[in-house]
Structure formats: structure tokens, C-alpha cells
1. Between a first residue in the range 415-426 that is at pLDDT 75 or above and a second residue that is outside any helix (DSSP H, G or I) and crowded, with 20+ Cβ neighbours inside 10 Å, which pairs have beta carbons less than 8 Å apart while being 6 or more apart in sequence or on different chains?
2. Take residue 514 and tell me if it is under 22 Å from residue 263 (Cα atoms), assigned to a helix (DSSP H, G or I), in contact with a strand residue (DSSP E or B) (Cβ under 7 Å, 6 or more places away or on another chain) and at pLDDT 95 or above.
3. The conditions are (1) touching a helix residue (DSSP H, G or I) at 6+ places or on another chain (Cβ under 9 Å); (2) surrounded by fewer than 22 Cβ atoms within 10 Å (Cβ to Cβ); (3) not in a helix (DSSP H, G or I), and residue 133 fails exactly one of them. Which is it?
4. Only one of (1) modelled with pLDDT under 95; (2) assigned to a helix (DSSP H, G or I) fails for residue 502. Which number is that?
5. Going through the range 35-55 one residue at a time, which ones are touching a residue at least 40 places away in the same chain (Cβ under 8 Å) and surrounded by fewer than 17 Cβ atoms within 10 Å (Cβ to Cβ)?
6. Can you say whether residue 551 is modelled with pLDDT of 95 or more, within 17 Å of residue 330 (Cβ to Cβ) and either in contact with a strand residue (DSSP E or B) (Cβ under 6 Å, 6 or more places away or on another chain) or buried (at least 17 other Cβ atoms within 10 Å of the Cβ) (or both), as far as the supplied structure shows?
7. Report yes if residue 13 is closer than 22 Å to residue 211 by Cβ and surrounded by fewer than 15 Cβ atoms within 10 Å (Cβ to Cβ), otherwise no.
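The values are calculated or read from the model by the stated rules, or taken from the named source; none is laboratory data. Because the structure is a prediction, the values reported are computed rather than measured. In this analysis, Cβ positions are derived from the backbone assuming ideal geometry, glycine residues included, and neighbour counts consider all displayed protein chains.
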């Protein structure tokens, strides 16, 4: 597990000196505290990497080269879970491998398979491979986007790195907030891929490769997409058969993900996803250590459930308490993520990774991805309810149903009426978003608070919330209309929110403290299995993730298996907008700082802040204002940490 950086010369200008790559690697040194290396190749490319040592602790130096005569070199961030099979095959084909680290395999696999390399390996990865004989760079990112890779192009150079801060450290790319990405953040909650929050910096999308050859940067090319099947064409399998198959494949995957020459632990929240992974890890090996994030606010705390799981599995359990003092870490969170957040859930990720590293554990297994594969969020259940209520004879009852659900579930006052109004727009929304109603459209609409005025300093117009972001069409499958509605929603989730928000939070907060996060649910064998299952298997009954619960029912206490999902959230008003909040909030929202950044209209921010102070608790009005103001604060900190800091140096 590492961080990578690359500079390729596109024209006649010579490559920058070694100090430039040194600055780039210094900016991402947190990703690899165990070593670093660079190589300049053919006067055309410089490759660099920082290393987090997981396998073959004495070897694994990067950049790594292939056979001496091939002039192939590689830098790599990730893990290959099928490395033993590749190692055996390569040795059988006459390749001499320098060490037992999986990085060593990549140049040799390229020599065997060329650009098809990403399709031949199983794991999480982002790599840059230089073919000196062809003066050619190949970049690739894993199928679902577990590991990050961003790139930028100047008139003279092509640059790529694990994080944008490395590009800016080169001095060749100037940091500036992308206004379109800011629009995206105030609707989707994240930049619409392949945009990042920075102008001119793009992410390489999951399941894609990119080639730079000579002076030409080719358009990224897709090599994998989740194999959802058209409606009515799913294999005829019983619920019990699907549960057994999921148990088998997921169990094998967890065993493979425990590979390493260092301690491997599991994160446990007490929910079914992380508990299932921990239970399967315990089944694979009796030695289990768990880490849990707990809150001093009982509204958000799940420690009783996490303790139940740890005790049942006989694990050595560690708890990390998050209190309101965690709010002071918001600037560090923004710098790690390189994007704002409407709810700062990533603070918990920073706290738990810091503790894991302090306990000598650099690798953790987590349950991320299950909700995105199996429709586990409330957003998917709400979408299913809307489809039922959209039947002509039920439409008049929609408002009453949503208001009743609000009262029964204890949701903020006013949410039921808001959802009913959103549901009334469904047909128009589906048409606007190219035939798929985004499952999170309700949340997007909640961010529509004085949107145009807030995001329009200097007369610029903001994109209407009901219009898709630029580039959104490329994220919607051409066959979406032929899929079951749930599968169409899940397919969109795998292209958007999962890699651009969920996995960003996981990777960046863990790697900020030199911890590798592994996500067995997102091994592509698991993804392909679940994508092939009939939608009714995923959402059987009134609950969520029914097939997963059945698959691990014998491994966990009954009350954990049957427990309803509790979203992982953090206090917002108490931590950031109440007496005792860190001064950074008032500073970020001050008229002077707002005018300096030029991102938001100061008078609108002042009005929203006053409205939040006056808003009754447990109302939709309070929730919406919290989300919007947290995005304002985060965007201000992003500007301060990257743009303003660069201008000052």
C-alpha cells in the first residue's frame, strides 16, 4: 500500500529536476511512512512512490522494474489478492521475480498481457507503468475505485498522483476551486466524476485505464462494468441458494484479504456489514482484533452493539471515543479528503485510524460496500415505496403515507411532506436524469436552500437542482431502462456515490495515518455475484440486505443479524453551531474570509446562519441548514488549505 506520483514529458521541455518529485512525494508521505523511491526513465518520465510496507517488509522497493531487457517500470498503490497464482505462472513462464511483494509482479504481467493487465488481476489498485521501449505510460484504477488516482495536463507535462495535493506540490499545477464541482457538491455532495474539486484535475474513473504515448494523452477507456442483467434475465436461483453462494464467495474473499506480514484487524460498528466481515475473519483465523468508533452523544452511539459482536467473536476490542473536541479536526479532515462534506462523518475515520496506527495495526478490514451492492440505505427503501405508491390508485395517499412514516420513525418534523413533494416530481426527475431516478435525489433537494443566491457571487448562475450535472450522462448505463429499477439505481451508485464519496472517505482518512483499509464486499468477485442476483433476493421482506443476513445468520447473535441499519452520522449543530464550537467555524463564515475566497455571497451565508440559530430542533429546516452550512464551512477550509496557501508561498 503506497502513494504514487508521475511526471511525463509531452513536448520538448526537459523533465523537472529531482526536487519536484521530492516535493510531490513529501505531500503524500502519510500514505507511505516506510520508505520512498524515484526513477527517471528515458529522459521522458519520472516515477515516484512512498511505501506502506505490508508484504515482504524487507523488499518491495519502488519503482520496480521488469525483466532487465524490457525497460518496463512501475509504481503501484494497492493489493493483489491473487498474487500467489500470478507468481507461480510467471515463474513457470521464465520470469525472474526480485522479491515476494505483489508490486514486483506488475511489470512482468504487463510483459505477458500488455494493456489487458488490469483485467487479469484481482484486487484494489492504482498504478502507473512506463514502457520505455514505446515511450508510453499506462495508468489503471481498480474496478470499483477503492484506490485513488488523479491526473492533470499542462502544455508541457502530464502528471498523475494518488492525491491532488501531490500535483500542486510539483509547482506545475495551480490549485483553484472548480465552480462546476462546487455546484456538484451542493447537490450530489461530491464532484460529479471525473471532476474533482479542483479546476484542471480529474480522477481516473474506476474500471478505466489511460494511456499517454508521445505527446498524446488518450481518452480514458473502460475495461470493466458491473454485470447487472436485464429485467427478467436473472438466473433462477432460490433465496437459500443465493445466501449460500454469497457466504462461500465472501468467506473466501475475507480469507484472501487477511494476507500480509503485519497485523490485520477489523472495524466493527455493530451493524450487519462490519459484523459479517469480522465474523468471517474470525472463522478464517482465531486471532481477531477489532476497533470501534463510539460517541459520547447517545443519539449516535452504537457501542453496546459493537461490544456484543466483539464479545461473541472473542476479539480483543478497542474503542475510540468521539466527543465534541473532534470538531477541531475539521481542517485536517478537509485537507485529507480534498473536498467538503455536508455531514463530517470522516472525522470518525481520522480518529479510528490514528488509534489503529498507535496500536501497531496498519491493515483493517471494513464493511464498506454492502449497502451500495444490496440497496441497504433508507434511500433505496424510500425509492421502492415510491414505486409502489406511484400506482394510480395509490397516488392520492402518498402524502399521508410519508407523513405517517415521519411520525412512526421519529424523523425530523416536515420530512414527510418534503418527501411527498419530491415523489410528485419523480417522472420529471427520471426523464431529466437520463431515465434513472438517482436514489439520493431527496438528499440533493434538501441542499437546495438559497442555492442560486448562495453560489452566485459576481452574477454567476448556479445549476438548478433539478438538472443533472455536466457529464452525468456518461455515468448512466446505456441499458439502464432495461434493468430492474433497483439494479439501475445500484449501477448508478457504483459509478457515483460509492467511489466519489464513500471510498474517498475510507481511503483518505485511513491513509492519513498510514493505515490500509480493505473492503471485501467490493472484491469484484463479490460485486459480480451480487449484481447477478435477482433484485427480490437483495430486498426480500421489509428489511434490507436480507440475503446477507441469511448468509451469516449462524455466525452472529440474533439481535445483531436482525438489527435495523443505523446510519453512521456525527453531531453537527452541537459540535459546530452551538456555544463551545471551535473558532474556525466563525472564522470561515466571516464576511472577510468569504469575500477573500469569492465562492459564496456573504449576505446569504449570514442569513442562513441566523436562520439556523433560530430553527427549532428536530425539524427539516434545521437539518437542511446544517447540511448547507457545513458545505460552506468545508469549501472555505478547502480554499484556505489549498488555494490561499499556494498564493501565499
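1. The qualifying pairs are 426/437.
2. no
3. Among (1) touching a helix residue (DSSP H, G or I) at 6+ places or on another chain (Cβ under 9 Å); (2) surrounded by fewer than 22 Cβ atoms within 10 Å (Cβ to Cβ); (3) not in a helix (DSSP H, G or I), the lone unmet condition for residue 133 is (1).
4. (1)
5. 42
6. no
7. Taking the combined requirement at face value, the residue satisfies it.
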